[in-house]
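The values are calculated or read from the model by the stated rules, or taken from the named source; none is laboratory data. Fair warning: this is a prediction, and the values are worked out from it, not measured in the lab. Cβ placement follows ideal geometry from the backbone for every residue including glycine, while neighbour counts extend to all protein chains displayed.
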Amino acid sequence: MPLQPDQLKVTTLGPCRYKSPLPMSTQVGDGVANFVADDRRILVHPEFHADQFPADSPQDILAFELAGPRETIFFDPAQTRVALVTCGGLCPGLNNVIRSLVFELEHNYGVHEILGIRYGYQGLNPDQARPARKLTSESVDSIHHFGGTILGTSRGPQDPATTVDMLQREQIDILYCIGGDGTQRGAHQIAAEIGQRELPIAIVGIPKTIDNDIQYCWRTFGFVTAVAEAEKAIDRAHIEAKAVRGGVGLVKLMGREAGFITAAATLASGDANFALIPEVPFELHGPDGFLTRLQQRMEVRDHAVVVVAEGAGQHLLAKAHEAYDASGNRRLADIGSFLKQQINDHFKAGNHPVNVKYFDPSYQIRSVPAGTADSLFCEQLARQAVHASMAGKTDLLIGLWYNQLTHVPLAISTGVIKRLSPESQLWNAVLSLTGQEKTGAW
């Protein structure tokens, strides 16, 4: 269904009665950083034909609210109690976000009651929770140099009513939810429960996933670092493949429903000959099948590198039943091991055995510290999350849209996986580089 302007309106807890403590200005040109007016917007679709306007009136334009510090805020910082939680799988940059949240809250807003919830949403269920960790700028000072999360994590939802009961009992005014689509779905359910009770508690999401599959978020933190690490795996697979006769380097990367990391790492490396992603189904056999294309490549160069996303080719694997993990994600069959066996069997049957070197660096990739680009991005996301929450905005996540940080209502962002379009310039670049659809193109 087409997006409607009303769906982009951000929920607020009430009027902003306090002057922001931030030393900022409303005057452009005075040499002082400026507050962001609440009516500033970023177009959802910035492209349009030169002879047409995007819409007939401002009310009809699809646009996100621009993130940034507001001149007046909803919460009194001295009386505000904050909690933050990290959920789902590990991702480079989690500790960076925790650190930046604490620094912005404590140093710039003067909030001194900051709690770190232990082990994801389980920490908001008294039957499963471990004591929350009090966070200060001193206690988080050096955590950004390490991978993982100092708070721990878990998968799976908790009862929103139970969660809100605990937030009330602990007198939490703001909850920051750091995680992927499942985490943000949970955040939206918590916000809905809070709305039903008409409580002044803000829920703000910070999207993380190396899969880069959050809707209306151009890039999620951790993605760039993951691509850099995946590129190393592809490069090493290439070295292994070239070192032996009939060498095939096979690399399986994360990407349950979206092939962004596979496509980006393939382009970054430049040494892959095949990239297989969930959005583009492929067949194994036949004149245009993957194994035939691979055989043609081997006849010309005697080595090849294949990169496959974990969610690719699932239609080829026999599954006894459809199963789901605690986060509600479909459990995937192992496409990497399956392809390794299929490649070996195909070439053995043709009396041309190959030497397959199989790499699965998934957990290694997601547990590394954030690289430079992600470190900068994490800091930006965290600061904007604090600005939004202190202004009483809720039920939203901080998104990146055409290089601008925005407020994205959770209702339109969750439950819909962003996928790589086969018609996109990104995928076209992959096909141009690999030549995987062209016979004898190598």
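List the helices (runs of 4 or more DSSP H) that sit entirely inside region 87-200 and contain at least 2 residues that are within 21 Å of T11 (Cβ to Cβ).
On the way: elements: 94-103, 160-169, 181-197.
So the answer is 160-169, 181-197.
Name the one entry in L135, L151 that is modelled with pLDDT of 95 or more and under 21 Å from the mean Cα position of the chain (by Cα).
On the way: L135 fails: under 21 Å from the mean Cα position of the chain (by Cα).
Checking each option against the conditions leaves just L151.
Just one of (1) outside any strand (DSSP E or B); (2) modelled with pLDDT of 95 or more trips up V204, so point out which.
Here V204 clears every test but (1).
Out of the residues in region 26-36 that are polar (S, T, N, Q) and loosely packed, with under 14 Cβ neighbours inside 10 Å, which is farthest from F64 (Cα to Cα)?
Step one: filter region 26-36 for residues polar (S, T, N, Q), giving 26-27, 34.
The next check asks that each one be loosely packed, with under 14 Cβ neighbours inside 10 Å; those that pass are 26-27.
Details: T26: 21, Q27: 23 Å.
Within region 26-36, the match that is farthest from F64 (Cα to Cα) is Q27.
Among residues belonging to region 337-393 that are crowded, with 17+ Cβ neighbours inside 10 Å and among the aromatic types (F, W, Y), point out the one that is nearest to N96 (Cα to Cα).
If we take residues in region 337-393 being crowded, with 17+ Cβ neighbours inside 10 Å and among the aromatic types (F, W, Y), then F377 is nearest to N96 (Cα to Cα).
So if I check each of F359, F347, F377, F338, which one is touching a residue at least 12 places away in the same chain (Cβ under 8 Å), in the same structural domain as T209 (by TED's automatic domain parsing) and not charged (D, E, K, R)?
On the way: F359 fails: in the same structural domain as T209 (by TED's automatic domain parsing); F347 fails: in the same structural domain as T209 (by TED's automatic domain parsing); F338 fails: in the same structural domain as T209 (by TED's automatic domain parsing).
When all the criteria are applied, what remains is F377.
Does region 30-41 contain any residue that is modelled with pLDDT of 85 or more, more than 23 Å from N403 (Cα to Cα), assigned by TED's automatic domain parsing to the domain that holds Q384 and within 31 Å of the chain's Cα centre (by Cα)?
No: region 30-41 contains no residue that is modelled with pLDDT of 85 or more, more than 23 Å from N403 (Cα to Cα), assigned by TED's automatic domain parsing to the domain that holds Q384 and within 31 Å of the chain's Cα centre (by Cα).
Taking region 247-270 on its own, how many of its residues are over 20 Å from I210 (Cα atoms) and at pLDDT below 95?
So the count comes out to 0.
Does I150 satisfy the condition of being touching a residue at least 24 places away in the same chain (Cβ under 8 Å), among the aliphatic types (A, V, I, L, M) and buried (at least 18 other Cβ atoms within 10 Å of the Cβ)?
Working: touching a residue at least 24 places away in the same chain (Cβ under 8 Å): yes; among the aliphatic types (A, V, I, L, M): yes; buried (at least 18 other Cβ atoms within 10 Å of the Cβ): no.
Against the criterion (touching a residue at least 24 places away in the same chain (Cβ under 8 Å), among the aliphatic types (A, V, I, L, M) and buried (at least 18 other Cβ atoms within 10 Å of the Cβ)), I150 does not qualify.
Return the pair list, or none, for Cβ contacts closer than 7 Å from residues in region 179-193 that are farther than 14 Å from L396 by Cβ and touching a residue at least 12 places away in the same chain (Cβ under 8 Å) to residues that are of a type in the set (S, T, Y) and not in a helix (DSSP H, G or I), at least 6 apart or on different chains.
Within 7 Å, the pairs are G179/T86; G180/T209; D181/T414; G182/S327.
Residues checked against (1) under 22 Å from V224 (Cβ atoms); (2) of a type in the set (K, R); (3) surrounded by 24 or more Cβ atoms within 10 Å (Cβ to Cβ):
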position: I114; (1), (2), (3): no, no, yes
position: Q122; (1), (2), (3): no, no, no
position: P131; (1), (2), (3): no, no, no
position: H145; (1), (2), (3): yes, no, no
position: D159; (1), (2), (3): no, no, no
position: L167; (1), (2), (3): no, no, no
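Looking at A304, A258 in this structure, which one is in a strand (DSSP E or B), over 15 Å from L431 (Cβ atoms), in contact (Cβ under 8 Å) with a residue 12 or more places away in the chain and within 31 Å of the chain's Cα centre (by Cα)?
Working: A258 fails: in a strand (DSSP E or B).
Criteria check complete, one pass: A304.
Just to be sure I understand, how many residues within region 89-112 are among the acidic types (D, E) and either surrounded by fewer than 19 Cβ atoms within 10 Å (Cβ to Cβ) or under 30 Å from E229 (Cβ atoms) (or both)? Reasoning before the result, please.
Within region 89-112, the first condition is being among the acidic types (D, E), and the residues that meet it are 104, 106.
Those left that are additionally either surrounded by fewer than 19 Cβ atoms within 10 Å (Cβ to Cβ) or under 30 Å from E229 (Cβ atoms) (or both): 104.
Here the count works out to 1.
Residues are listed down the side, and each one gets a yes or a no for (1) over 22 Å from F221 (Cα atoms); (2) surrounded by 17 or more Cβ atoms within 10 Å (Cβ to Cβ):
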position: E240; (1), (2): yes, yes
position: V251; (1), (2): yes, yes
position: R256; (1), (2): no, yes
position: G259; (1), (2): no, yes
position: D271; (1), (2): yes, yes
position: D288; (1), (2): yes, no
